[in-house]
Amino acid sequence: MQLLKPTKKYAESWWEAIREFETENRKGFWNIPDKPTDIDEYIQRTADHAQGKNMPDWFVPATTYWLIDNEKFVGNVNIRHKLNDKLKKEGGNIGYAIRPTERQKGYGSKILELAIPKAKEIGLQKVLITCDDENIASAKIIEKNGGKLHDKNIVDGKLVRRYWLNLGR
C-alpha cells in the first residue's frame with residue numbers, strides 16, 4: 001500500500017472510483033473545480049495545483065496523492081499547503097476520500113497515516129482536519145492519527161468538527 005501522485009497506470013480503477021462516488025451523489029473529490037474528463041489533463045492540473053499554478057482564485061496550493069493497494073486506486077488525499085478563510089471553517093489542510101466499495105477496511109486510517117509525513121515534507125508543522133459531526137467514522141480516523149478536537153461549528157447549516165494535529169518539526 002502506498003501514496004502516489006496521480007498516474008495513468010491506475011487510470012482504469014480511478015475512473016471506476018469516480019463512477020462509484022457519483023452513484024452516491026458525491027462530487028469534487030478529484031480536487032479540481034469540475035469533473036475530470038481526461039486523465040492527462042487531470043494529472044497536469046494536479047501537478048500545477050501543487051505548484052500553485054493555474055488554479056481558480058478560491059483554491060490554495062495542494063498536493064494530491066492516490067492511495068494504491070494491490071495495483072488498484074483505493075482513495076485520494078489532498079494536502080493543502082495553507083488555509084484560506086473557507087478552509088479554516090471546513091476542509092482544513094488534509095482532505096481524503098475512500099471509494100465506496102473499499103470503505104470500512106481500514107483504508108481511511110491508512111491514508112491519513114501516510115499523508116502526515118507528506119504534509120511534513122511540504123513544511124507544515126500543524127494541520128487542520130475537519131469532518132461533519134455525524135461522520136463518526138472519519139472522526140475516529142482523525143483521532144486515531146493524533147487529531148485533537150478543537151471545536152464544532154455550524155457551516156452552511158451543518159455541524160462540523162475541527163481537529164488540529166501537531167506534526168512537530
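The values are calculated or read from the model by the stated rules, or taken from the named source; none is laboratory data. Since this is a predicted model, take the numbers as computed values, not measurements. Cβ sites come from the backbone with ideal geometry, for glycine too, and all protein chains shown count toward neighbours.
Would you pick out the residues in region 37-53 that are among the β-branched types (Val, Ile, Thr) and either buried (at least 16 other Cβ atoms within 10 Å of the Cβ) or assigned to a helix (DSSP H, G or I) (or both)? Hits for region 37-53 are Ile39, Ile43, Thr46.
Condition first: without any contact (Cβ under 8 Å) to a residue 24 or more places away in the chain and touching a strand residue (DSSP E or B) at 6+ places or on another chain (Cβ under 9 Å). Now tell me which residues in region 60-81 satisfy that.
Pro61, Arg80
Reported count of residues in region 45-95, each being among the charged types (D, E, K, R) and within 26 Å of Tyr107 (Cβ to Cβ), is 6. Please determine whether any residue of region 88-98 is more than 21 Å from Leu128 (Cβ to Cβ) and either in contact with a Lys or Arg (Cβ under 7 Å, 6 or more places away or on another chain) or of a type in the set (D, E, K, R) (or both). No: region 88-98 contains no residue that is more than 21 Å from Leu128 (Cβ to Cβ) and either in contact with a Lys or Arg (Cβ under 7 Å, 6 or more places away or on another chain) or of a type in the set (D, E, K, R) (or both).
For the residues Thr101, Thr63, the requirement of being out of contact with any Lys or Arg (no Cβ under 6 Å at 6 or more places or on another chain) and closer than 19 Å to Thr46 by Cβ singles out Thr63. Using the structure shown, decide if Leu128 is aliphatic (A, V, I, L, M) and more than 15 Å from the chain's Cα centre (by Cα). Against the criterion (aliphatic (A, V, I, L, M) and more than 15 Å from the chain's Cα centre (by Cα)), Leu128 does not qualify. Among the residues of region 1-23, is any buried (at least 20 other Cβ atoms within 10 Å of the Cβ), in contact with a Phe, Trp or Tyr (Cβ under 9 Å, 6 or more places away or on another chain), among the basic types (Lys, Arg) and not in a strand (DSSP E or B)? No, region 1-23 has no match at all.
Ile111: touching a helix residue (DSSP H, G or I) at 6+ places or on another chain (Cβ under 6 Å), buried (at least 21 other Cβ atoms within 10 Å of the Cβ) and not basic (Lys, Arg), yes or no? No: the conditions fail for Ile111. Filtering region 135-160 to residues that are within 17 Å of Ala97 (Cα to Cα) and basic (Lys, Arg) leaves Lys140, Lys144. Name every residue in region 83-105 that is at pLDDT 95 or above and of a type in the set (Gly, Ala, Ser), in order of residue number. If the condition is that a residue be at pLDDT 95 or above and of a type in the set (Gly, Ala, Ser), then Gly92 is the only one that fits.
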